[in-house]
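Participant: One structure, pasted below without further comment.
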Amino acid sequence: MSVLMVVVICVLILRKYVSFKETSKVIYFCTFIGYFFPIFIFFLMPVDVVVTSHQICLWENVDMNETGCPVPFNYIPSSALTIIWNIVYWTTYVATWLVYPILQSYALSGEFTAWTKLKAAVKENAIFYLVAGGICLIIFVILYFTHRLESGLTVATTAANVWGIFVLIALLGYGLVDIPRSQWRRGNKYLRLKYCQYLLAGYHEDIETCEVTVHDTIKRINQYNLSIPKD
């Protein structure tokens with residue numbers, strides 16, 4: 001049921017902001033996946049909490065009858081929940097660090113063919129991966145010689161989480177500061193007037209440019225009208 005709700009939400013979002021007929025099916029699918037898994041996490045977290053609470057209840061009441069710990073309506077086995085979390089996490093991980101950066105560079109590339117765009121996108125991201133790989137290698141060496149290297153998977157997961165938390169803090173910090181500041185400036189009538197006067201100069205230049213274009217167009221139309229025989 002949760003999966004169906006997430007699918008409906010993603011389809012409604014894409015229907016509002018994306019044209020299905022004019023957009024490539026590959027891009028549409030990648031965008032759908034990009035919306036699906038982050039939204040699905042919001043539905044999966046309560047299930048995880050319910051399953052954990054039920055297991056704690058069973059552990060604390062081992063000698064009692066299971067009727068003391070009723071099974072929730074959205075309960076799923078712990079093994080299945082682990083598999084779902086692995087699919088969600090690692091799909092999001094690969095998409096975030098490999099698929100979407102290449103697609104973004106591909107879309108912004110100035111090349112003319114699909115193959116050259118793909119090569120440019122891979123080359124651009126390879127530079128980032130080499131720098132990030134060098135930093136990770138240094139971290140691995142430090143952890144190895146300090147005997148704290150448990151597993152490469154743990155380090156990769158931790159690095160991704162640290163990067164995500166850093167980006168989240170940066171974006172939230174910018175939004176929490178910039179939005180109230182912009183609203184504060186909107187409430188200042190003097191600054192608002194100065195800003196409108198600044199925009200007015202640009203609009204005046206645009207109007208003059210449009211007037212010149214209209215006069216040139218009318219002049220050409222008159223010339224064409226005179227050159228065309230009336231008969």
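The values are calculated or read from the model by the stated rules, or taken from the named source; none is laboratory data. This is a predicted model, so every value here is computed, not measured. So basically every Cβ, Gly included, is an ideal-geometry build from the backbone, and we count neighbours across all protein chains shown.
Participant: Is it the case that Ile218 is more than 36 Å from the chain's Cα centre (by Cα), surrounded by 10 or more Cβ atoms within 10 Å (Cβ to Cβ) and aliphatic (A, V, I, L, M)?
Facilitator: When the stated conditions are applied, Ile218 passes them.
Participant: Only one residue in Ile87, Ile83, Ile56 is over 22 Å from the mean Cα position of the chain (by Cα), assigned to a helix (DSSP H, G or I), at pLDDT 85 or above and not assigned by TED's automatic domain parsing to the domain that holds Val131. Which one?
Facilitator: Answer to the check: Ile83.
Results for (1) assigned to a loop (DSSP other than H, G, I, E, B); (2) β-branched (Val, Ile, Thr); (3) outside the structural domain of Asn61 (by TED's automatic domain parsing); (4) in contact with a helix residue (DSSP H, G or I) (Cβ under 8 Å, 6 or more places away or on another chain), shown as yes or no for each residue.
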{"site": "Asn74", "(1), (2), (3), (4)": "yes, no, no, yes"}
{"site": "Asn125", "(1), (2), (3), (4)": "no, no, yes, yes"}
{"site": "Ala159", "(1), (2), (3), (4)": "no, no, yes, yes"}
{"site": "Val162", "(1), (2), (3), (4)": "no, yes, yes, no"}
{"site": "Val167", "(1), (2), (3), (4)": "no, yes, yes, no"}
{"site": "Tyr174", "(1), (2), (3), (4)": "no, no, yes, no"}
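Participant: Oh, and also: Among the residues in the range 187-202, are any more than 30 Å from Tyr93 (Cα to Cα), surrounded by 10 or more Cβ atoms within 10 Å (Cβ to Cβ), modelled with pLDDT under 80 and not assigned by TED's automatic domain parsing to the domain that holds Pro38?
Facilitator: no
Participant: Give me the pairs, please: first residue somewhere in the range 1-17 and modelled with pLDDT of 85 or more, second residue anywhere and not in a helix (DSSP H, G or I), beta-carbon distance under 8 Å, and either six or more positions apart or on two chains.
Facilitator: Sorted first by the residue in the range 1-17, then by its partner, the pairs are Leu14/Phe20.
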